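The block underneath contains the structure these notes are about, expressed in structure tokens.
The values are calculated or read from the model by the stated rules, or taken from the named source; none is laboratory data. Nothing here was measured: the structure is a model prediction, and the numbers come from that model. FYI the Cβ positions are ideal-geometry reconstructions off the backbone, even for glycines, and counts take in every protein chain you see.
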Amino acid sequence: MRTEYSTPAGGFNGEAVPAGIIQRHIHEECGVFGIYSKATADVASMAYYALYALQHRGQESAGIVVNDDGLFTSWRDVGLVSEVFPAERLKSLGTGNIAVGHVRYGTTGSDNKRNVQPILVNHYKGRMALAHNGNLTNSLQLRSELESKGSIFHTTTDSEVIAYIIVQERLKAPSIEAAVSAAMDRIVGAYSLVISSPSKLIAVRDPHGFRPLCMGHLKDGSVVFASESCGLDAIGAQFDRDILPGEIVVVDKDGVKSDTSHCGKVDRKLCVFEFIYFARPDSVIDGSSVHTARQRAGAFLALEHPVQADIVIGVPDSGLDAAMGYSRQSGIPYGIGFIKNKYIGRTFISPTQAMRENEVNIKLNPIRSVVEGKRVVLIDDSIVRGTTCRRTIDLLRKAGAKEIHMRVSAPPFVSECYYGTDIDDKNKLIANHHTVEEIAGIIGVDSLGYLSLRDVVKLADNTESGFCTACFGGGYPTAIPQDVGKDRFECKISEREKHEHA
């Protein structure tokens, strides 16, 4: 996403921005993958290709655990999938019948190596590997409870909290899946999990279904799970179905079993931002095409915020489909207005202010012949703080755009997200400080229109699930946690004591 979570020059209240500060952006979710093969196979390669397809969901780190009849071999490191797993490293994982993989952008815990997933745990029943997408809302309370009973944590993630809760429940449960079911009674929030025990592969989706998780199979009968269907496509797997909110699916030598005892207890609340930005456009989530949903967003924008213009363009990548939808609905021609540098995989650290300001120029370049002298409708997926957006607008002005009318395929961000999106302070959101007209002036456009909360829930017409729109002011499906900072397990002693006694 190009829309930003960064500090504008001078800040909202005129505060200075320290030199050398790395500007933050809203980041992608994590991606999880799992495969169960009845015979020993090169499951590591299957995980590698699937994670490659899920790379858009997390670019901080990657990891794969291979289970060969209860013997776990793993490699996890910071970096992109291709960086973490060169050919020789991937080969060193060997063969097995189960593999669990993960790509990470963490919303709890920093991006250092200790927080790379899958989480590996040794316990008295054997080993367990766990990959998690989402964010718990009661992780601080659970971690404090576990630590008071002697648990020692090696990471600062809520994913390790989930692993410990499962292990704790395993002490009294007759099976790993029964332990997972009991753990679901204690953990609250967003979690799509893929778990390997010594002999089983388990997929779990939280009762609200905040984050996607789907299931498929290979021609040889192997069962696979992935955050998105594009992960299945990458390895030639046939999509079977989405995991139901609250469902536990267990795969072992006896086949596939489903536990739906946690299903239907609460309302479904799939994160609507999966359709707006997070997911890849070629994925299908809970029965709805992401590509089609984004085009519908553009069509709704054209109906809600019509304008006289010469051309419609989108900010790559997630703004492109919405721009097509706006064009089709409005009758205004669609054009390719920007070229994106595809060789910039991750946000890099810029050592000087001048270099930081030029960052958007390196990532995007307008096509002058498309926009010069034109009244332009510019479509993007969101505006968080306005800084990067303003620079994108400046590029279009310099390329000769006569007018710029910005349309955003999401409502304004006004609230924190507690379920996995990296928005943990509503005071940093521009929509909480300015009206739409004021924001238009700040970012330098002739007009600005956001998708309404009314229409954003209509994007995925084939999805039976309801949607979570809490970050747009739609209300929270769970209790609001007291401490939600990404670094809540990494603060100073005095700060932690303050939180514990709050």
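Name the single residue, out of those in segment 454-485 being crowded, with 16+ Cβ neighbours inside 10 Å and of a type in the set (A, V, I, L, M), that is farthest from residue 267 (Cα to Cα).
Checking each candidate, the answer is 484.
Hydrophobic (A, V, I, L, M, F, W, C), within 26 Å of residue 191 (Cα to Cα) and touching a residue at least 60 places away in the same chain (Cβ under 8 Å): does that describe residue 423? Steps first, please.
Details: hydrophobic (A, V, I, L, M, F, W, C): yes; within 26 Å of residue 191 (Cα to Cα): yes; touching a residue at least 60 places away in the same chain (Cβ under 8 Å): yes.
Yes, satisfied.
Between 174, 212, which is buried (at least 24 other Cβ atoms within 10 Å of the Cβ) and of a type outside the set (S, T, N, Q)? I'd like the intermediate steps shown before the answer.
On the way: 174 fails: buried (at least 24 other Cβ atoms within 10 Å of the Cβ).
Result of the check over 174, 212: 212.
Condition check ((1) closer than 30 Å to residue 369 by Cβ; (2) out of contact with any strand residue (DSSP E or B) (no Cβ under 8 Å at 6 or more places or on another chain)) across all residues:
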| residue | (1), (2) |
| --- | --- |
| 395 | yes, no |
| 403 | yes, no |
| 406 | yes, no |
| 412 | no, no |
| 420 | no, no |
| 433 | no, yes |
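Would you check if residue 249 is within 23 Å of residue 281 (Cα to Cα) and either touching a Lys or Arg at 6+ places or on another chain (Cβ under 9 Å) or assigned to a strand (DSSP E or B) (or both)?
On the way: within 23 Å of residue 281 (Cα to Cα): no; either touching a Lys or Arg at 6+ places or on another chain (Cβ under 9 Å) or assigned to a strand (DSSP E or B) (or both): yes.
So residue 249 fails the test.
With respect to the numbered conditions (1) more than 22 Å from the chain's Cα centre (by Cα); (2) buried (at least 24 other Cβ atoms within 10 Å of the Cβ), which one is the sole condition not fulfilled by residue 310?
For residue 310, the exception is condition (2).
Any idea which residue in segment 280-307 is nearest to the chain's Cα centre (by Cα), counting only those that are assigned to a loop (DSSP other than H, G, I, E, B) and more than 17 Å from residue 458 (Cβ to Cβ)?
Residue satisfying both the conditions and the ranking: 280.
When the residues of segment 219-229 are narrowed to those that are in a loop (DSSP other than H, G, I, E, B) and in contact (Cβ under 8 Å) with a residue 40 or more places away in the chain, which ends up farthest from residue 131 (Cα to Cα)? Walk me through how you get there before you give the answer.
Going through segment 219-229, the residues in a loop (DSSP other than H, G, I, E, B) turn out to be 219-222, 227-228.
Filter once more, so that each one left must be in contact (Cβ under 8 Å) with a residue 40 or more places away in the chain: 220-222, 227-228.
Working: 220: 24, 221: 23, 222: 19, 227: 11, 228: 14 Å.
That would be 220.
Can you work out which of the residues in segment 264-279 that are in contact with a strand residue (DSSP E or B) (Cβ under 9 Å, 6 or more places away or on another chain) and part of a loop (DSSP other than H, G, I, E, B) is farthest from residue 473 (Cα to Cα)? Spell out how you get there, then give the answer.
Filtering segment 264-279 for residues in contact with a strand residue (DSSP E or B) (Cβ under 9 Å, 6 or more places away or on another chain) gives 268-275, 278-279.
After this cut, where a residue has to be part of a loop (DSSP other than H, G, I, E, B) as well, the list is 268-269, 272, 279.
Details: 268: 17, 269: 14, 272: 13, 279: 22 Å.
That would be 279.
Considering segment 230-274 alone, what residues qualify as being of a type in the set (Val, Ile, Thr) and either without any contact (Cβ under 8 Å) to a residue 24 or more places away in the chain or surrounded by fewer than 18 Cβ atoms within 10 Å (Cβ to Cβ) (or both)? Quick ask: steps written out before the conclusion?
Initial filter on segment 230-274 (of a type in the set (Val, Ile, Thr)): 235, 243, 248-251, 256, 260, 266, 272.
Listed by number, the residues that qualify are 256, 260, 266.
How about segment 299-329: which of its residues are out of contact with any strand residue (DSSP E or B) (no Cβ under 6 Å at 6 or more places or on another chain), closer than 16 Å to residue 275 by Cα and modelled with pLDDT of 95 or more?
Across segment 299-329, the qualifying residues are 299, 300, 321, 325.
Using the structure shown, decide if residue 457 is within 28 Å of residue 242 (Cα to Cα), at pLDDT 90 or above and β-branched (Val, Ile, Thr). Even if it seems obvious, please write down each step before you answer.
Details: within 28 Å of residue 242 (Cα to Cα): yes; at pLDDT 90 or above: yes; β-branched (Val, Ile, Thr): yes.
Judged against the criteria, residue 457 is a match.
Output the number of the condition that residue 356 fails; it satisfies all remaining conditions of (1) surrounded by 15 or more Cβ atoms within 10 Å (Cβ to Cβ); (2) modelled with pLDDT of 95 or more; (3) outside any loop (DSSP other than H, G, I, E, B).
Status for residue 356: all satisfied but (2).
Based on what the data block shows, is residue 227 surrounded by 15 or more Cβ atoms within 10 Å (Cβ to Cβ), assigned by TED's automatic domain parsing to the domain that holds residue 49 and under 29 Å from residue 476 (Cα atoms)?
Details: surrounded by 15 or more Cβ atoms within 10 Å (Cβ to Cβ): yes; assigned by TED's automatic domain parsing to the domain that holds residue 49: yes; under 29 Å from residue 476 (Cα atoms): yes.
Yes.
Starting from segment 325-336, keep only residues that are in a helix (DSSP H, G or I), then list their pairs with residues that are surrounded by 21 or more Cβ atoms within 10 Å (Cβ to Cβ) and among the β-branched types (Val, Ile, Thr) whose Cβ atoms are within a distance under 6 Å, requiring at least 6 positions of separation or different chains.
The qualifying pairs are 326/312; 326/379; 327/312.
Looking at 39, 99, which one is assigned to a strand (DSSP E or B), surrounded by fewer than 24 Cβ atoms within 10 Å (Cβ to Cβ) and in contact (Cβ under 8 Å) with a residue 12 or more places away in the chain? Working first, answer last.
Numbers: 99 fails: surrounded by fewer than 24 Cβ atoms within 10 Å (Cβ to Cβ).
Going through 39, 99 in turn, just one is assigned to a strand (DSSP E or B), surrounded by fewer than 24 Cβ atoms within 10 Å (Cβ to Cβ) and in contact (Cβ under 8 Å) with a residue 12 or more places away in the chain: 39.
Here are 166, 235: which of them is in a loop (DSSP other than H, G, I, E, B) and in contact with a helix residue (DSSP H, G or I) (Cβ under 7 Å, 6 or more places away or on another chain)? Full working, then the answer.
Details: 166 fails: in a loop (DSSP other than H, G, I, E, B).
It is 235.
If I filter segment 443-464 for residues that are more than 26 Å from residue 330 (Cα to Cα), in a loop (DSSP other than H, G, I, E, B) and polar (S, T, N, Q), do I get at least one hit? Full working, then the answer.
Pass one, segment 443-464, residues more than 26 Å from residue 330 (Cα to Cα): 464.
From what is left, the residues that are in a loop (DSSP other than H, G, I, E, B) are 464.
So of that shortlist, the ones also polar (S, T, N, Q) come out as none.
So far as segment 443-464 goes, no, none of its residues is more than 26 Å from residue 330 (Cα to Cα), in a loop (DSSP other than H, G, I, E, B) and polar (S, T, N, Q).
Only one of 137, 155, 108 is closer than 22 Å to residue 205 by Cβ, modelled with pLDDT under 90 and assigned by TED's automatic domain parsing to the domain that holds residue 245. Can you tell me which? Write out each step before concluding.
On the way: 137 fails: modelled with pLDDT under 90; 155 fails: closer than 22 Å to residue 205 by Cβ.
Of 137, 155, 108, the one residue that is closer than 22 Å to residue 205 by Cβ, modelled with pLDDT under 90 and assigned by TED's automatic domain parsing to the domain that holds residue 245 is 108.
Given the structure, is residue 449 of a type outside the set (Val, Ile, Thr), at pLDDT 95 or above and more than 24 Å from residue 132 (Cα to Cα)?
yes
Could you tell me whether any residue of segment 118-128 is at pLDDT below 95 and touching a Lys or Arg at 6+ places or on another chain (Cβ under 6 Å)?
yes
Give the residues of segment 426-441 that are surrounded by fewer than 21 Cβ atoms within 10 Å (Cβ to Cβ) and either free of Cβ contacts under 8 Å to residues at least 40 places away in the same chain or assigned to a helix (DSSP H, G or I) (or both), sorted by residue number.
Initial filter on segment 426-441 (surrounded by fewer than 21 Cβ atoms within 10 Å (Cβ to Cβ)): 426-428, 432-438, 440-441.
Once the filter is applied, which keeps residues that are surrounded by fewer than 21 Cβ atoms within 10 Å (Cβ to Cβ) and either free of Cβ contacts under 8 Å to residues at least 40 places away in the same chain or assigned to a helix (DSSP H, G or I) (or both), segment 426-441 yields 426, 427, 428, 432, 434, 435, 436, 437, 438, 440, 441.
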